[in-house]
There are 2 protein chains.
Amino acid sequence: MTPLNIGLVGLGTVGRGVADILGRGAADIERRAGRPLRVHAALVRDAGRATAWRDERGHRFEILTDADALLDDPDIDIVCELAGGEEPALGWTRRALAGGKHVVTANKALIATHGESLFALAQEHGVSLRFEAAIAGGIPIVKALSEGLAGNRIEWLAGIINGTGNYILSEMTSHGREFADALGDAQALGYAEADPTFDVEGIDAAHKLAILASIAFGAPLEFDGVMTEGISAIERADVAFAAELGYRIKHLGVARRRAEGLELRVHPTLVPAGRLLASVDGVMNAVVVHGDAVGSTLYYGAGAGSGPTGSSVVADLIDIARGSELVPRSPISAPAADNAPLGALAPDDFRSPFYLRLEADDRPGVMAAVAGIFGASDISIEAILQKEPTAAGDGPLTVPIILLTREVRERILREAVVAIEALQAVRTPVVTIRVETLG
Amino acid sequence: MTPLNIGLVGLGTVGRGVADILGRGAADIERRAGRPLRVHAALVRDAGRATAWRDERGHRFEILTDADALLDDPDIDIVCELAGGEEPALGWTRRALAGGKHVVTANKALIATHGESLFALAQEHGVSLRFEAAIAGGIPIVKALSEGLAGNRIEWLAGIINGTGNYILSEMTSHGREFADALGDAQALGYAEADPTFDVEGIDAAHKLAILASIAFGAPLEFDGVMTEGISAIERADVAFAAELGYRIKHLGVARRRAEGLELRVHPTLVPAGRLLASVDGVMNAVVVHGDAVGSTLYYGAGAGSGPTGSSVVADLIDIARGSELVPRSPISAPAADNAPLGALAPDDFRSPFYLRLEADDRPGVMAAVAGIFGASDISIEAILQKEPTAAGDGPLTVPIILLTREVRERILREAVVAIEALQAVRTPVVTIRVETLG
């Protein structure tokens with residue numbers, strides 16, 4: 001059968017991974033896809049002296065620096081967009097789709113912010129747009145959500161979808177380190193960028209969560225509707241107190257269906273230590289999906305890297321080859337039939353249990369005052385602990401007080417926190433971290 | 001669009017689950033499938049007084065007791081075979097396929113023993129045969145293996161694929177109970193049958209493993225090639241010693257590619273406590289799949305029950321609706337292009353580390369004698385522990401000796417065990433349990 005010709009846009013870590021997998025697995029992949037998949041050309045920014053790639057098995061393809069040469073090549077059936085970022089990736093993707101080429105992308109920012117118009121364009125031109133590699137690296141989570149669980153009404157999902165952040169929190173947990181030290185390690189190991197904002201402040205995770213929620217709930221893609229809180233303010237003390245209470249702190253993306261709309265949020269989270277998600281350490285990713293029929297399911301694997309991300313790109317290529325005469329409907333933004341509200345809720349309306357830590361003067365009555373404020377706000381407390389006094393330099397001796405609440409609406413919780421911070425005995429801002437029981 | 005009409009063969013736990021999911025999710029499922037999916041009739045053994053099913057939303061379908069009426073109905077497009085067992089399920093499945101009807105089945109025994117001829121029949125008649133629900137209930141593991149990881153050469157997989165056995169071992173681990181007590185509980189809770197052989201002796205898991213291996217490696221379906229060892233001989237003492245060494249005992253199905261062929265085995269296994277698989281408790285299932293590109297991935301969820309199994313059946317139905325004009329090639333028995341040997345190896349040629357426990361007289365020199373036998377066989381020992389003497393009724397005082405070996409060929413290990421059992425000081429047969437590091 002005639003091969004399906006692939007144009008790689010980008011020949012970095014992922015692009016080389018894709019070329020390697022297609023080369024070494026060529027015969028098996030041809031059998032699974034029903035026809036050969038072949039890299040026809042790759043677009044790079046600077047070709048250096050190389051004008052062609054030749055792999056171990058002798059297969060070669062052209063290296064181009066002119067995007068037009070690749071996008072206008074009538075021999076190319078599928079464009080793999082692996083360049084990342086907004087432009088020129090967006091323009092290239094549009095041109096490829098409009099030119100009748102299928103597109104496989106690993107670009108989460110592109111899908112999270114322009115997914116709807118891109119899927120409309122693909123539909124219009126009768127081609128596929130696929131993005132398994134954009135979320136959680138090698139884990140086939142897009143396929144699981146949109147096909148494997150297609151009989152379910154998804155109630156919620158929660159995932160560790162940024163490996164850098166998870167590495168840092170895992171280091172803080174297992175070695176009692178502070179955030180800055182663990183970040184330094186992550187940078188030294190190449191897990192974190194020199195400017196780590198994108199990862200540690202949750203922007204990358206928010207892109208992925210917006211896409212997952214759109215698939216799971218049929219909600220419009222709403223990157224701006226994701227409440228995003230990073231992990232840079234997490235202190236070693238909170239990691240330790242959480243452990244004492246039977247929890248681990250993970251940076252989760254959470255999407256949850258409520259009667260009034262959707263909670264879309266990325267934030268540090270206390271997770272019960274007994275949950276599988278609490279044991280997902282290092283740079284690994286995992287997503288829990290809860291459906292009405294299936295209950296809770298979990299998907300775990302490497303969230304990044306040449307092989308894992310390449311694995312997902314190649315799975316998409318094979319799917320296109322298997323059914324290239326079919327134009328699948330977009331898995332995103334396909335609203336449910338029940339007209340349930342799918343707008344993103346404001347953080348004030350989120351509900352979850354909370355962990356709180358405050359430093360207060362070590363004198364009688366403080367705990368009673370704090371408990372009184374919660375009582376007056378109708379917030380149920382699951383646990384309250386007063387720890388040993390902290391040596392605090394010049395100031396008066398203070399004690400950490402730790403609280404775990406039951407589920408509470410965030411607006412109510414925030415008002416209680418303002419009242420607590422107004423107490424004379426409370427010396428520092430109250431630390432608040434959300435809890436997810438995943439039950 | 002014209003609905004796709006479904007004939008349910010069996011209206012027990014799973015059949016009712018399928019009917020419920022299709023009823024309550026009808027509108028969403030129609031959107032995802034591209035056309036309505038409707039139950040047209042159900043075949044039951046004894047209709048009692050009911051001749052029709054009417055669900056909450058008023059959708060009704062006929063209840064039949066005559067298989068011919070269902071199988072010969074030209075209005076039925078897809079037969080869901082949920083009756084289980086060998087005959088008449090096999091004959092019905094053949095008739096449905098030969099009659100040009102797609103078949104979705106939850107029958108692992110049928111696929112494990114007759115899968116190849118059934119897929120050939122489906123191919124011949126241009127229809128689909130799908131079986132996601134046959135393995136690990138609601139976990140979309142067939143889809144993950146055959147599509148999500150289709151770019152990979154699978155190196156090995158290991159899974160907890162029988163919930164009954166896992167419930168029993170979890171109870172033994174968390175409450176220090178003996179096998180018989182935990183089995184009694186499982187029976188009282190409805191997790192185990194009155195005759196629990198099929199589950200606790202690993203036959204059910206062997207069916208599933210044979211299918212998984214055939215998908216993963218393209219190997220012929222070879223149920224008889226699966227070495228199967230149950231959990232009924234596991235003692236509380238071994239659970240406790242394993243814990244002390246940092247392991248948990250799980251009943252695993254393991255399929256591993258070796259240069260000479262495939263290891264296909266179901267047996268109690270020591271798993272390092274830090275692995276996610278070690279934390280999969282109760283009736284839950286999980287499968288780890290290791291591919292050359294993606295590394296290790298894990299899939300977790302409920303392995304049985306109306307909703308989870310129904311979820312997988314409905315996912316297959318939606319897949320057929322989406323691409324019913326395509327006849328997918330069989331995901332099983334599709335040999336790899338590299339001509340690697342895919343025959344099942346004999347247990348003698350399996351390789352793994354081993355845990356051993358023996359009871360020996362409490363006198364000097366016994367450990368040295370045991371260690372000497374291993375040394376002479378070139379078996380590396382990772383740990384050897386001598387525990388406190390056991391009060392042993394009338395006989396002489398004995399001490400338990402626990403050993404952990406490094407990877408060893410089973411034939412060599414068995415020969416060493418024979419030599420150890422021949423030592424005068426060794427009073428009882430040596431307990432041997434395989435170890436999987438899952439690394």
message: Being within 14 Å of chain B (Cβ to nearest Cβ) and buried (at least 21 other Cβ atoms within 10 Å of the Cβ) is true for just one of A:Ala158, A:Ala192. Which residue is that?
response: A:Ala158
message: Go through the range A:174-218 and report how many residues are in contact with a Ser or Thr (Cβ under 6 Å, 6 or more places away or on another chain) and charged (D, E, K, R).
response: 1
- prompt: Taking the range B:189-218 as the search range and keeping residues that are charged (D, E, K, R) and in contact with a Gly (Cβ under 8 Å, 6 or more places away or on another chain), which one is farthest from B:Ile231 (Cα to Cα)?
  reply: B:Lys208
- prompt: Which one is nearest to the chain's Cα centre (by Cα) among residues in the range A:89-145 that are aromatic (Phe, Trp, Tyr) and over 17 Å from A:Ala206 (Cβ atoms)?
  reply: A:Phe119
statement: Filtering the range B:195-215 for residues that are surrounded by fewer than 24 Cβ atoms within 10 Å (Cβ to Cβ) and among the polar types (S, T, N, Q) leaves a count of 1
task: State yes or no: is B:Gly165 part of a helix (DSSP H, G or I), more than 27 Å from A:Ala321 (Cβ to Cβ) and not aliphatic (A, V, I, L, M)?
output: yes
statement: When the range B:117-151 is checked residue by residue, the ones that are buried (at least 23 other Cβ atoms within 10 Å of the Cβ), out of contact with any His (no Cβ under 9 Å at 6 or more places or on another chain) and small (Gly, Ala, Ser) are B:Ala133, B:Ala136, B:Gly137, B:Gly138, B:Ala144, B:Gly148, B:Ala150, B:Gly151
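Here's the yes/no breakdown for (1) more than 14 Å from every other protein chain (Cβ to nearest Cβ); (2) surrounded by 18 or more Cβ atoms within 10 Å (Cβ to Cβ); (3) of a type in the set (Asp, Glu):
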{"residue": "B:Arg32", "(1), (2), (3)": "no, yes, no"}
{"residue": "B:Asp46", "(1), (2), (3)": "yes, no, yes"}
{"residue": "B:Asp55", "(1), (2), (3)": "yes, no, yes"}
{"residue": "B:Ala69", "(1), (2), (3)": "yes, no, no"}
task: Could you please let me know if B:Arg406 is under 22 Å from B:Ala255 (Cβ atoms), in contact with a helix residue (DSSP H, G or I) (Cβ under 9 Å, 6 or more places away or on another chain) and surrounded by fewer than 16 Cβ atoms within 10 Å (Cβ to Cβ)?
output: no
message: Here is a check on your reading of the model: is A:Gly218 under 25 Å from A:Val142 (Cβ atoms) and surrounded by fewer than 20 Cβ atoms within 10 Å (Cβ to Cβ)?
response: no
field: the range A:216-226, residues that are over 13 Å from the mean Cα position of the chain (by Cα), on the phi < 0 side of the Ramachandran plot, outside any helix (DSSP H, G or I) and not acidic (Asp, Glu)
entry: A:Ala219, A:Pro220, A:Leu221
message: Suppose the filter is among the charged types (D, E, K, R), more than 29 Å from A:His290 (Cα to Cα) and modelled with pLDDT under 95; does B:Glu147 pass it?
response: no
task: Could you tell me which of the residues B:Ile78, B:Ile21 is at pLDDT 95 or above, within 12 Å of another protein chain (Cβ to nearest Cβ) and touching a Ser or Thr at 6+ places or on another chain (Cβ under 9 Å)?
output: B:Ile21
field: Candidates A:Ser146, A:Ser174, filtered to the one that is within 13 Å of chain B (Cβ to nearest Cβ), of a type in the set (S, T, N, Q) and within 30 Å of B:Leu317 (Cβ to Cβ)
entry: A:Ser146
- prompt: Any residue at all in the range B:86-108 that is under 9 Å from B:Val9 (Cβ atoms) and of a type in the set (D, E, K, R)?
  reply: no
field: Positions within the range B:98-144 being of a type in the set (Ser, Thr, Tyr) and either touching a residue at least 40 places away in the same chain (Cβ under 8 Å) or not assigned by TED's automatic domain parsing to the domain that holds B:Asp73 (or both), in sequence order
entry: B:Thr113, B:Ser128
field: Checklist (1) away from every other protein chain (no Cβ under 14 Å); (2) within 25 Å of A:Ala109 (Cβ to Cβ) applied to A:Asp181, failing item
entry: (2)
statement: Those residues of the range A:10-30 which are surrounded by fewer than 20 Cβ atoms within 10 Å (Cβ to Cβ) and touching a His at 6+ places or on another chain (Cβ under 9 Å) amount to A:Gly23, A:Ala26
field: Any chance B:Val327 is under 30 Å from B:Asp28 (Cβ atoms), modelled with pLDDT of 95 or more, among the β-branched types (Val, Ile, Thr) and not in a strand (DSSP E or B)
entry: no
- request: Could you pull out the residue among A:Asp185, A:Asp181 that is more than 30 Å from B:Ala150 (Cβ to Cβ), free of Cβ contacts under 8 Å to residues at least 12 places away in the same chain and acidic (Asp, Glu)?
  value: A:Asp181
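The values are calculated or read from the model by the stated rules, or taken from the named source; none is laboratory data. Since this is a predicted model, take the numbers as computed values, not measurements. Don't worry about glycine lacking a Cβ; one is built from the backbone with ideal geometry, like all the others, and counts go over all protein chains shown.
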